[in-house]
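The next block holds one structure in the form of structure tokens; read it before the comments.
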Amino acid sequence: MVTISVREPHHLLVNERDAVEPGPGEVAIRVHRAGICGSDMHILHGTNPFAVYPRVIGHEFAGVVSALGAGISSLAIGDHVVADPVISCGTCYPCRVGRSNVCAKLQVIGVHRDGGFRSTAVVPQANAVKVSPKLGLDVAALAEPLAVAANVLWRTGCTGEDVVLIYGAGTVGITVLQMAKMHGARCIVADIDADRLVRAREFGADAVINSRTQSVGDVVAPELDGLGPSIVIDGAGIPSLLEEACRIAAPAGRIGLLGFSPAPCNVSQQEIVRKELTLVGSRLNRRFIPEVITWLESGALRPQAMITQTFNARDARSAFDLVEQHPERTLKVQLAFE
Ligand code: MN
């Protein structure tokens with residue numbers, strides 16, 4: 001089977017390997033589509049602090065169940081499924097309070113253990129979420145990044161009352177945008193790239209800000225009767241934005257962070273207390289994939305246009321090069337496995 005792995009930082013390997021068999025409690029998935037994520041690039045470049053090498057990467061994948069390990073009752077061969085990459089223990093404090101994505105023994109498929117960039121992947125049955133065969137497996141493979149957006153909007157409590165300012169019109173920003181629009185919120189997207197802002201408009205942004213030429217604070221100041229946006233999401237992962245976010249957010253506002261930079265930033269305690277701001281981190285997703293799938297199946301979410309390119313898995317190197325060299329031309333690049 002075709003397998004794409006990172007042998008060590010900077011060494012992407014595309015080769016043929018023997019098929020894998022599911023162990024007890026596991027299912028094998030014949031992978032059809034798998035999306036390339038920024039975190040895959042980080043593993044390739046040795047900048048993901050959690051990755052263990054060598055590693056078969058890929059955590060955004062969908063396919064068809066092809067084999068069952070011992071003790072599987074909830075799935076059958078032929079079922080269409082999408083993987084939830086979050087493996088949690090179910091017994092530690094965060095698991096007990098419903099926050100399995102920050103489990104004390106967290107394992108992420110494609111990061112801590114081998115992932116979905118291979119013709120057949122093996123996952124615990126709890127990590128294979130059934131989807132209707134009517135849903136394209138390309139769209140199903142978008143469920144994981146959409147669940148990341150669902151998670152941050154749950155953490156920030158997004159409703160139709162909100163004005164959401166999203167920094168960054170890349171993959172994270174565009175998924176958050178679609179999800180926030182689905183909740184009925186007004187959405188404003190800021191980015192330094194004019195083409196990306198055109199794309200944000202196409203995905204439903206009510207207003208866009210070119211932060212290279214415009215002051216984000218000035219543009220959003222009139223929102224909510226002059227209070228500013230009630231939710232600010234950093235979809236760009238830039239630590240220095242937090243200071244601005246605290247300054248421009250409305251009283252009772254929420255700020256959602258998804259970046260993983262270790263760099264510190266200066267935030268005024270006064271802004272946080274005066275306005276009772278809530279700062280939240282959001283990592284992966286806490287079992288939002290089943291809900292995302294209902295939204296995809298009902299048509300409440302129509303993210304098909306996010307798939308900007310599809311490469312044969314054997315051409316993975318070209319796909320990675322494109323993501324790296326022309327981020328402005330890509331939103332979600334997928335690999336097709338035969
Ligand atoms: Mn991802």
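Conditions (1) surrounded by fewer than 21 Cβ atoms within 10 Å (Cβ to Cβ); (2) more than 22 Å from Gly299 (Cα to Cα), marked per residue:
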residue: Leu153; (1), (2): no, no
residue: Gly160; (1), (2): yes, no
residue: Ile174; (1), (2): no, no
residue: Leu177; (1), (2): no, no
residue: Ala180; (1), (2): no, no
residue: His183; (1), (2): yes, no
residue: Arg186; (1), (2): yes, no
residue: Gln214; (1), (2): yes, yes
residue: Gly217; (1), (2): yes, yes
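Being at pLDDT 95 or above and open to solvent by 50 Å² or more (accessible area, probe 1.4 Å): is that true of Leu284 here? Here the answer is no, as Leu284 does not meet what is asked. The residues on offer are Cys265, Cys246, and the sole one that is in a loop (DSSP other than H, G, I, E, B) and without any contact (Cβ under 8 Å) to a residue 40 or more places away in the chain is Cys265. Has segment 56-63 got any residue that is modelled with pLDDT of 95 or more and more than 17 Å from the chain's Cα centre (by Cα)? The answer is yes; a qualifying residue exists. Filtering Gly98, Gly116 for residues that are within 16 Å of the ligand (Cβ to nearest atom), over 14 Å from the mean Cα position of the chain (by Cα) and not in a strand (DSSP E or B) leaves a single hit, Gly116.
Can you work out which of the residues in segment 313-326 that are touching a helix residue (DSSP H, G or I) at 6+ places or on another chain (Cβ under 9 Å) and open to solvent by 20 Å² or more (accessible area, probe 1.4 Å) is nearest to His45 (Cα to Cα)?
Here the answer is Glu324.
Pairs are defined by a Cβ separation below 7 Å, a sequence spacing of at least 6 or placement on different chains, a first member in segment 26-51 that is within 20 Å of Val122 (Cα to Cα) and outside the structural domain of Gly69 (by TED's automatic domain parsing), and a second member that is in a loop (DSSP other than H, G, I, E, B) and within 13 Å of the ligand (Cβ to nearest atom); no pair meets this definition.
Is one or more of the residues making up segment 132-139 in a strand (DSSP E or B), more than 13 Å from the ligand (Cβ to nearest atom) and open to solvent by less than 40 Å² (accessible area, probe 1.4 Å)?
Within segment 132-139, none of the residues are in a strand (DSSP E or B), more than 13 Å from the ligand (Cβ to nearest atom) and open to solvent by less than 40 Å² (accessible area, probe 1.4 Å).
Those helices (runs of 4 or more DSSP H) of segment 171-233 in which at least 3 residues are within 16 Å of the ligand (Cβ to nearest atom), considering only elements entirely within it, cover 171-182.
The values are calculated or read from the model by the stated rules, or taken from the named source; none is laboratory data. Source: prediction; values computed, not measured. As a convention, Cβ positions derive from the backbone with ideal geometry for all residues, glycine included, and neighbour counts pool all protein chains shown. Side chains are part of the model used for accessible areas, which takes the heavy atoms of the whole protein and leaves out ligands, DNA and RNA. Shrake-Rupley method; radii C 1.70, N 1.55, O 1.52, S 1.80 Å.
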